[in-house]
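K.L.:
Could you have a look at this structure, given as C-alpha cells, before my questions?
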Amino acid sequence: MSDSRALNPYYSRTDTTKLDLPDSVWKKVLPPEVYEVARKAGTERAFTGKLWDFEGIGTYYCAACGNALFRSDAKFASTCGWPSFFETVRPGSVEYRTDMAFGMARTEVLCGRCGAHLGHVFDDGPPPTGKRFCMNSIVLDFEPDEGD
C-alpha cells in the first residue's frame, strides 16, 4: 500500500458503505493532487496521466476511497487523452450529475462510494454500450490481476 493510502483510514477495496465526509477530512487524508481533482472537480491535462494509454490487465479503483470502478477489459484506446472505458465494473460503482461548467452541458461521473469527481461520460464510445467514460488518471488506482 502506498504511503498516501496508508494515511487514509477511509480507503478500502472491500467496504462499499457510502462515505459522507466533510471536505476538511478529505483535505487531510488525500494527497494534494488527488484532492484537487477528486474534491474540487479539477482535471489533468490530456495525454499526461499515468493511465491514459496504459494496457495492464486488472481493476481500476477510486484513489480516494478504494471503490472498484472499472475492469481493464472495458478500457479502450481513445484519442481524447484520458483513460476511457465503455462500462463500469458493477451497477452503483459510479453516480452521475449534470455539469454545466464552462458553458457546456455534460454528465459528470462521481465515485458511487465517496462522491469523488472522476471525469465525464459521453455517448460516443464503442459497442456494446456506446459510452465513453473519460476519467482522470490521478483519481484511479490500478491493481493488476494475480499472475499478471
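K.L.:
Give the ranking of 96, 10, 60 by solvent-accessible surface, highest area first, calculated with a 1.4 Å probe.
P.N.:
Result, largest first: 96, 10, 60.
K.L.:
Related question: Using a 1.4 angstrom probe on the protein heavy atoms only, could you order 20, 53 from most to least accessible area?
P.N.:
20, 53
K.L.:
Here's another thing I want to ask about it. Round to a whole number: what % of the accessible area of the chain belongs to carbon and sulfur, probe 1.4 Å?
P.N.:
Carbon and sulfur together cover 54 percent of it.
K.L.:
Relative contact order of the chain, please, whole-number percent, based on alpha carbon pairs below 8 angstrom and at least 6 residues apart.
P.N.:
Result for the chain is 26 percent.
K.L.:
Please give the Cα centre distance for segment 41-113 versus segment 10-35, rounded to the nearest Å.
P.N.:
The two parts, judged by their Cα centres, are 17 Å apart.
K.L.:
Now for a separate question. Determine the order of 102, 122, 85 by accessible area, beginning with the largest, at a probe radius of 1.4 Å.
P.N.:
Output order, biggest surface exposure first: 102, 122, 85.
K.L.:
Could you report the chain's accessible area per residue, 1.4 Å probe, as an integer in Å²?
P.N.:
Heavy-atom SASA per residue in the chain reads 54 Å².
K.L.:
Now for a separate question. Report residue 95's accessible area, 1.4 Å probe, all protein chains in place, as a number in Å² to the nearest 10.
P.N.:
It works out to around 70 Å².
K.L.:
Can I ask one more? Rounded, prolate or oblate: pick one for segment 33-132, where a ≥ b ≥ c are the square roots of the eigenvalues of its C-alpha gyration tensor, a/c under 1.5 means rounded, and failing that, prolate if a/b is larger than b/c, else oblate.
P.N.:
Rounded.
The values are calculated or read from the model by the stated rules, or taken from the named source; none is laboratory data. Everything numeric in this text was worked out from a predicted model, so none of it was measured. To get the accessible areas, we keep the full protein, side chains included, count just its heavy atoms, and leave off ligands, DNA and RNA. Shrake-Rupley method; radii C 1.70, N 1.55, O 1.52, S 1.80 Å.
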